[in-house]
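The structure under discussion appears below in the form of structure tokens.
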Amino acid sequence: MYRNDTVVPAFAIIFAIALFYMAYLVTQRVAALSGHTPAELTVGQIGLMAFGAVLFMYGFIGLLSNWLEGAELRPGKHEPEASSVPVVAGVILSLALAAASGLFVRTLVLAANKEAEFPPPTWLQGGLFAAMMLIIALLIAIYKKFFMAEEVLAEDEKGEFPW
Amino acid sequence: MYQWLDERLDLSRLNTKFLRKAFPVHHSFFLGEITLFAFVVLVLTGIFLTLNYEPSTRPVKIEGYNDPVPAAYASILYIDSLPFGAVLRSLHHWSAHIMIAAAFLHMLRIHLTGAYKKPRELNWLIGIVLLVLAIVTAFTGYALPFDNYALTATGIGYHIGEAAPWLGKAMSAILFAGELEASNTKTIPRLFSIHVLWLPLLLLAMIGAHLLLMVKQKHTQPKYAEKVAPGRILGVPAMPQQAVMMGVLFLVYVAVTTFIAGAFLAHPVEAFGPPTPNTPSVKPDWYFMWIYGILQILPQWDLKILGANFGPQFVGGILVPTLIILGAMAIPFLEPQKEKQRYLELPSQHPRRTSFVLAMLMFYIMATLAGYKIDFLNANPNLSSGTLIAILWVLLIVAPILTYIISYILMKAAYRSREVEIEFTGRASAADD
Ligand code: HEM
């Protein structure tokens, strides 16, 4: 908590995985009690997974923030170091984005066709959309890390905004 | 184009006054943003849902059902049949849970780092109202699909609210337009207007006020900033750096939640069917479970004062939550201070407060556990109900106290050894994190 550390976010991710695992164990338990695996989630599972999801996102962005913004800020302008590796990564990610978008549209077309023999499952629709969003996020992150000039301000405490 | 607008709207002033505001950087500040993005996604997916949902219980004939079903239920089936429709509905449902969980964790971070102290008391109060509003909004949306499960689950909260002395009837008249029954045709249109219009507008206004105050009062800063730029706000400009980080977080939010929404379709209405006279066995949502748990272990009694009933429903469902909310609201005012709070406090340096937060968490967990009383009894036929209730009471009271004592002792011990170390070396180690 003293600086923008990696310890707390890393623990958040571990904790998130533990919560998801607990939610999975709840399924096993319900299945053992009732003799079948329920199609719907129990309220307990939804709660565990909701907290797991928040902690996972928090841990992920926390680690990313440490990578992109550093543990401690120092006032001034900081120019990025040019390198060709991020360009290659960017090209590969862009190609992956094009592929994921194409596949996503394909699942939508298939889902719209009521007579389709294999309607695309929702996990595939959601997963492809998630992949698209994640790739765009990574592209922006790479751009910020390797191509954007960073500026750190040390502003006067008394601001004019909004009043 | 920019020049044309600038001459008329003085955009460069906006740039220097607002877009170059310094935003302190710390991972714990992302919890508030996650809550915010959950709200944004709820509004966006909510718009899609309203375009396809029919807020009515009029009977309609649809394929696959012998008898007519309520139009609301039928429209949910229609939404699920649209391409990506089921995922978007599930995303709306998951985001509601995630918004409440994120707001709760955001509140914990504010509490643990002392960010509620002067001058941010008002924002703490607004925050508590926001958390309650978010929960009420989720509650009013639950019954909208009008399936057997949703109606029964909403009934649990409805009966708790009804137990409010003198006000209960008026509250159900406002929220549910009368009694919550499958035959009450006014309930769904009423819940619909409250859920999609009034509460979201209220949330929007309160979130706006929350953020406005945050910008005016300046964000707390991580402690190292005191050494780097004493008395100043050390941060990155709102445009472009902070905006880029927020954009990345928004995309990560959508990615993670859409993945979960697609893989785990929330609330599959067809599994429960339209409302019937026989109620399925349901539990309230996890954020009500601790209240439900307390109700499960309270003894039954009847006490009437001035025509109002002060039974266990009142004590467990209304009195205890109200006291907890009022207690939370009092927190900033219990520790008045002259100086403004500018930096994050380290939880390790406030063992009493940190232990209190952990003890409260334990209390919620134990009360939630009590909500599973019936399942414990079903799984262990030899266990008598009285014994189980006694065990649950002991857990509810003893576990939080033990948590407090153990965490306090551990923190004191760990911190004392650190103090010695600081004295010895003259500076704090990296373990400050
Ligand atoms: C439910 C909706 C809520 C939303 C959308 C929201 C949003 C935010 C955001 C985006 C920030 C700035 C970033 C951060 O510090 O995390 C913030 C700060 C803050 N929030 Fe919230 N919040 C909500 C609920 C709450 C609750 C429940 C509390 C406490 C009871 C609270 C108290 C505060 C305080 C005191 C700050 C200033 C923090 C500082 O300067 O360090 N908020 N909120």
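The values are calculated or read from the model by the stated rules, or taken from the named source; none is laboratory data. Nothing here was measured: the structure is a model prediction, and the numbers come from that model. When we count neighbours, we look across all protein chains shown, and the Cβ atoms used for this are built from the backbone with ideal geometry, even at glycine. Protein only, heavy atoms only, side chains kept; ligands, DNA and RNA dropped before computing areas. Shrake-Rupley method; radii C 1.70, N 1.55, O 1.52, S 1.80 Å.
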Could you work out, residue by residue across B:49-59, how many beta carbons of other chains sit within 10 Å of that residue's beta carbon, and then give the average as an integer?
0
Charge tally in the Cβ shell below 13 Å around A:PHE161, where Lys, Arg are +1 and Asp, Glu are -1, A:PHE161 excluded
+3
For region A:136-162 versus region B:97-114, the gap between their alpha-carbon centres in whole angstrom:
25 Å
Are any of the pairs B:LYS117/B:LYS227; B:LYS223/B:LYS412; B:LYS117/B:LYS340; B:LYS186/B:LYS283; B:LYS117/B:LYS218 more than 18 Å apart by Cα-Cα distance, and if so, which?
B:LYS117/B:LYS227; B:LYS223/B:LYS412; B:LYS186/B:LYS283
Can you tell me the FRET efficiency between B:LEU361 and B:MET1 if r is taken as the Cβ-Cβ distance and R0 is 56 Å, rounded to the nearest 0.05?
0.60
Within the protein assembly as shown, percent of DSSP bridges classed antiparallel, to nearest 5:
95 percent
Please state the relative contact order of region A:89-142 as a whole percent: Cα pairs under 8 Å, 6+ residues apart?
52 percent
Using the alpha-carbon atoms, what tilt in degrees (0 to 90, nearest 10) does helix A:122-147 show relative to the longest principal axis of chain A?
10 degrees
Where a ≥ b ≥ c are the square roots of the eigenvalues of the C-alpha gyration tensor, would you call region B:1-95 rounded, which needs a/c under 1.5, or, failing that, prolate if a/b is larger than b/c, or oblate?
prolate
Using the Karplus curve 6.51 cos²θ - 1.76 cosθ + 1.60 with θ = phi - 60°, what ³J(HN,Hα) values do you get for each residue of region B:149-156, in whole Hz, with x for Gly and Pro?
5, 4, 5, 5, 5, 4, x, 4
When Cβ neighbours within 10 Å are restricted to other protein chains, what is their mean count per residue of peptide B:33-39?
2
Evaluate peptide A:107-120: per residue, the Cβ atoms of other protein chains within 10 Å of its Cβ; return the mean as an integer.
2
Would you tell me the accessible area of B:LYS216, worked out with a 1.4 angstrom probe on the heavy atoms of the protein chains, in Å² to the nearest 10?
60 Å²
Let me make sure I get this right: for chain A, a, b and c are the square roots of the gyration tensor eigenvalues over alpha carbons, sorted descending. Under 1.5 in a/c it's rounded, otherwise prolate if a/b > b/c, else oblate. Which is it?
oblate
Per-residue accessible area for A:PHE20 at 1.4 Å probe radius, Å² rounded to 10?
70 Å²
Efficiency by 1/(1 + (r/R0)^6): what FRET value for B:ARG20 and B:GLU179, r their Cβ-Cβ distance, R0 = 41 Å, to the nearest 0.05?
0.15
Please compute, for the alpha-carbon atoms of region B:60-182, the extent along each of the three principal axes and give them in descending order in Å.
63, 43, 17
Distance in nm between pseudo-label sites at A:VAL85 and B:SER12 (7 Å out along the Cβ direction from Cα)
4.2 nm
How much mean residue ellipticity at 222 nm does chain B get from its helices, if each DSSP H run of length 4 or more adds -39500 (n - 2.57) and you divide by all residues, to the nearest 500 deg cm²/dmol?
-20500 deg cm²/dmol
As a test of reading the structure, rank B:VAL394, A:VAL54 by solvent-accessible area (1.4 Å probe, protein chains only), most first.
B:VAL394, A:VAL54
Put a dot 7 Å past each Cα toward the Cβ at B:LYS61 and B:ALA263; how far apart are the dots in nm?
4.3 nm
Ordering A:MET57, B:MET239, A:MET148 by the accessible surface of their heavy atoms, 1.4 Å probe, largest first, yields B:MET239, A:MET148, A:MET57
Give the shape of region A:85-163 as rounded, prolate or oblate, defined through the alpha-carbon gyration tensor: a ≥ b ≥ c are the square roots of its eigenvalues, a/c under 1.5 means rounded, and otherwise the shape is prolate if a/b is larger than b/c and oblate if not.
oblate
Can you report the principal axis dimensions of the protein assembly as shown using only the alpha carbons, biggest first, rounded to whole angstrom?
70, 60, 51
Under 20 Å from B:LYS61, Cα to Cα: lysines that are on another chain or at least 8 residues apart
A:LYS114
Could you give the C-alpha radius of gyration of chain B expressed as a fraction of 2.2 N^0.38 Å, taking N as the number of residues it contains?
1.13
If one compares the long axis through the Cα atoms of helix B:121-142 with the longest principal axis of the Cα atoms of chain B, the angle in degrees, nearest 10, works out at 20 degrees
Protein accessible surface hidden between B and A, which excludes ligands and nucleic acids, total in Å², probe 1.4 Å:
7000 Å²
Inter-part gap, Cα centre of region B:342-400 to Cα centre of region A:80-131, in whole angstrom, is 44 Å
Heavy-atom accessible area per residue of chain B, all protein chains kept, 1.4 Å probe, expressed in Å², is 47 Å²
Relative to the longest principal axis of the C-alpha atoms of chain B, give the angle of the C-alpha long axis of helix B:385-425, reported between 0 and 90° and rounded to the nearest 10°.
10 degrees
If you average the alpha carbon positions of region B:161-213 and of region B:121-153, how far apart do those two centres end up, in angstrom?
9 Å
